[in-house]
Amino acid sequence: MFSVITGSAPGDVYTAPLPEVLGPASAVAAATRWTESEVGGLDPSTFTEPVLVHYTSFDGLVVPAFVYAPRRRVDEGPIPVVVHPHGGPEGQHRPKFNPFYQYLTAELGICVIDPNVRGSSGYGKEYVSMDNGRRREDSVKDIGALLDWIGGEEARARFNLDASRVGVWGGSYGGYMTLASLVHYPQRLRCGIDMVGISNFVTFLENTKGYRRDLRRVKYGDERDPEMRAFLESISPSRNADRIRSPLFIVQGANDPRVPRSEAEQIHECVAKSGVPVWYMLAEDEGHGFRKKDNIDAYQEAMVAFWRQHLLGPPCGD
């Protein structure tokens, strides 16, 4: 007995004979499905299936990414994109069923791209350590290379992507990646959503709970060292907030022990001072990410409104 989850179907339970009895191919063919997961009355044939692509970054590194493209004809016009860097930093995107992705692709016509930039797990010890310490912004450059790919011939031919309508959205370390991408690529990103993201590495390391501080210092650098402290300050989005020119939506749990609310509040204050449109959602009864259904529903409704206004609509100021 085993379960199967794909990018276009939630998990279901199967049984199959042992491969050594029938052979691998025959065992798969003889599999019996025992469950039919609930999909709310939707037609599963309309769900999008992620496609694995690879693109080359600034230093020749080949970076994998999963593309969740809407099921629509090429002649319906170029497709807007949301780039979704994962948290961690040692996280990893896998092709799994995500109902909110399916909503974005089917209802809003948005293509979601999940890149596994350097620092991701699952690709070997060298790959997962390629963003350590002073190489932190190399992972941000991987997002820049993805933006190049989105505007390139392969993306146009295979998915008809619209390089003029790209947003970025991430949580935790992915929130940092969102903010850093908005800092470095303000002319190429329409907008961004930062969920419980790090905005300043020094204040993050000083204020995160003590049980995880030393672990994070190994990855990011030790803020107690004067030279490393200066470097961490120099790359922190809150110190470069004047370079963020695209609308930003900040989402935070008030009781977050990992990335304290002070990270959200300082980037909100810094970006708002520059006159850039900033939305801010604070859940008083949440921590690191949202877990309660009412809060998740409100967050997703607000995300949809934000994408409609700032990604799908005309550029801010038009």
Check your understanding: Out of (1) touching a helix residue (DSSP H, G or I) at 6+ places or on another chain (Cβ under 6 Å); (2) hydrophobic (A, V, I, L, M, F, W, C); (3) within 21 Å of Ile110 (Cα to Cα), the odd one out for Leu147 is which?
Key -> (1)
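For every residue, the table says whether it meets (1) on the phi < 0 side of the Ramachandran plot; (2) surrounded by fewer than 24 Cβ atoms within 10 Å (Cβ to Cβ); (3) in contact with a helix residue (DSSP H, G or I) (Cβ under 9 Å, 6 or more places away or on another chain).
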site: Glu227; (1), (2), (3): yes, yes, no
site: Ala230; (1), (2), (3): yes, yes, no
site: Glu233; (1), (2), (3): yes, yes, yes
site: Arg243; (1), (2), (3): yes, yes, yes
site: Phe249; (1), (2), (3): yes, no, yes
site: Ser262; (1), (2), (3): yes, yes, yes
site: Glu265; (1), (2), (3): yes, yes, no
site: Val271; (1), (2), (3): yes, no, yes
Exercise for review: Among the candidates Arg135, Arg165, single out the residue that is more than 20 Å from Arg94 (Cα to Cα) and surrounded by fewer than 16 Cβ atoms within 10 Å (Cβ to Cβ).
Suggested key: Arg135
Point to revise | Members of segment 247-271 found to be under 11 Å from Leu179 (Cβ atoms) and of a type in the set (D, E, K, R), listed by number | key: Glu263
**Study point:** Out of Lys141, Lys96, Lys125, sole residue that is within 25 Å of Pro186 (Cβ to Cβ) and open to solvent by 30 Å² or more (accessible area, probe 1.4 Å)
**Key:** Lys141
Check your understanding: Does Arg135 qualify as being over 17 Å from the mean Cα position of the chain (by Cα), over 29 Å from Ser262 (Cβ atoms) and not polar (S, T, N, Q)?
Key -> no
Check your understanding: Within segment 99-118, is even one residue open to solvent by less than 40 Å² (accessible area, probe 1.4 Å), within 15 Å of the chain's Cα centre (by Cα), touching a residue at least 60 places away in the same chain (Cβ under 8 Å) and at positive phi?
Key -> no
Point to revise | segment 47-76 - residue that is over 15 Å from Ile110 (Cβ atoms) and among the aromatic types (Phe, Trp, Tyr) and, of those, most open to solvent (accessible area, probe 1.4 Å) | key: Phe58
Check your understanding: Out of (1) open to solvent by less than 10 Å² (accessible area, probe 1.4 Å); (2) on the phi > 0 side of the Ramachandran plot, what's the single condition that is false for Phe204?
Key -> (2)
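Filter segment 298-318 down to the residues that are surrounded by 14 or more Cβ atoms within 10 Å (Cβ to Cβ), of a type outside the set (A, V, I, L, M) and at pLDDT 95 or above and list them by number. So that I can check it myself, show each step before the final result.
Here is the first cut: in segment 298-318, the residues surrounded by 14 or more Cβ atoms within 10 Å (Cβ to Cβ) are 298-300, 302-304, 306-307, 309-312, 316.
The next check asks that each one be of a type outside the set (A, V, I, L, M); those that pass are 299-300, 306-307, 309-310, 316.
Scanning segment 298-318 gives Tyr299, Gln300, Phe306, Trp307, Gln309, His310.
The values are calculated or read from the model by the stated rules, or taken from the named source; none is laboratory data. Note that the structure is a prediction, hence the values are computed from the model and not measured. Methodologically, a virtual Cβ is constructed for each residue, glycine included, from the backbone with ideal geometry; neighbour enumeration extends over all protein chains shown. To get the accessible areas, we keep the full protein, side chains included, count just its heavy atoms, and leave off ligands, DNA and RNA. Shrake-Rupley method; radii C 1.70, N 1.55, O 1.52, S 1.80 Å.
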